[in-house]
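The values are calculated or read from the model by the stated rules, or taken from the named source; none is laboratory data. Owing to the predicted nature of the structure, the values given are computational and were not obtained by experimental measurement. Note: ideal-geometry Cβ built from the backbone for every residue, glycine included; neighbour counts use all protein chains shown.
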Amino acid sequence: MLWLVVGLGNPGKKYEQTRHNVGQSAIDELCRRWNVSLREGKDKARVGETILRDAAGNDHKVVFAIPTTFMNESGQAVRLLMKRHNLKFDSDIAQLIIVHDELDLEPGVVRAKVGGGLAGHNGLRSITSHLSTQDYARVRIGVGKPPSADEGADHVLRKVAPADRVVLDAAVVVAADVVESFVLRGSAVTMNTYNTATS
């Protein structure tokens, strides 16, 4: 089985290490673990591949990707990548995992989800628009809500204080664990494991 794992964020040094880019950071962590190098391809994304083997000895091909578009155009890359790897938008949608920041979760909390609403996330909105479905899996990395509604953009796009960065970096490691669990153990076990955690 082939899995497509996409970490959302914005391109460029200006946005590195921001809350909005924790999805990209999770892909970087996975690539570090599995010695994968991302290379820019024709699908508006940097892409790398590896093979993960589950406990039963089954091999799973995994494509890691970080879109080179801005967050609100993430769906362009996801659509192209799905087509390149012959994943159908309906029957194969469970093999797409999106890793993203989540305002509705406290900083550092990581949760697994399949389908559901978009919670105002522009990256998810773009993906759903391009695929005409929102039944894909998500790994949600909590970044917390801004002090007020009108500070939302600043909250996710500005650099993070060192103490907050420690919390987010730990969450990125957990998010990478969740991605591996989705691939190797399936969605039901993964959601049961990580969504019942106390933190």
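Worth pointing out:
- Out of R111, R79, one residue alone is closer than 24 Å to D177 by Cβ, among the basic types (K, R) and in contact with a helix residue (DSSP H, G or I) (Cβ under 7 Å, 6 or more places away or on another chain). It is R111.
- Residue count for the stretch 34-47 satisfying the condition of being outside any loop (DSSP other than H, G, I, E, B) and over 18 Å from I97 (Cα atoms): 2.
- Any hit, the stretch 46-68, residues being among the polar types (S, T, N, Q) and closer than 28 Å to P146 by Cα: yes
- Looking only at the stretch 154-173, and only at residues there that are under 22 Å from R32 (Cβ atoms) and among the small types (G, A, S), the one that is surrounded by the most Cβ atoms within 10 Å (Cβ to Cβ): A171
- Of the residues V167, V189, V174, the single one that is part of a helix (DSSP H, G or I) and touching a strand residue (DSSP E or B) at 6+ places or on another chain (Cβ under 7 Å) is V174.
- Of the set (1) surrounded by 23 or more Cβ atoms within 10 Å (Cβ to Cβ); (2) more than 30 Å from M1 (Cα to Cα); (3) without any contact (Cβ under 8 Å) to a residue 60 or more places away in the chain, all apply to R138 but (2).
- Given (1) modelled with pLDDT of 95 or more; (2) touching an Asp or Glu at 6+ places or on another chain (Cβ under 8 Å); (3) surrounded by fewer than 20 Cβ atoms within 10 Å (Cβ to Cβ), number of the condition A176 does not satisfy: (3)
- Of all residues in the stretch 5-40 being within 16 Å of R140 (Cα to Cα) and in contact with a His (Cβ under 7 Å, 6 or more places away or on another chain), the one that is surrounded by the most Cβ atoms within 10 Å (Cβ to Cβ): L8
- Options H130, H121; residue that is more than 16 Å from the chain's Cα centre (by Cα) and either at pLDDT 95 or above or closer than 26 Å to C31 by Cα (or both): H130
- Looking only at the stretch 179-199, and only at residues there that are small (G, A, S) and more than 14 Å from the chain's Cα centre (by Cα), the one that is surrounded by the most Cβ atoms within 10 Å (Cβ to Cβ): S187
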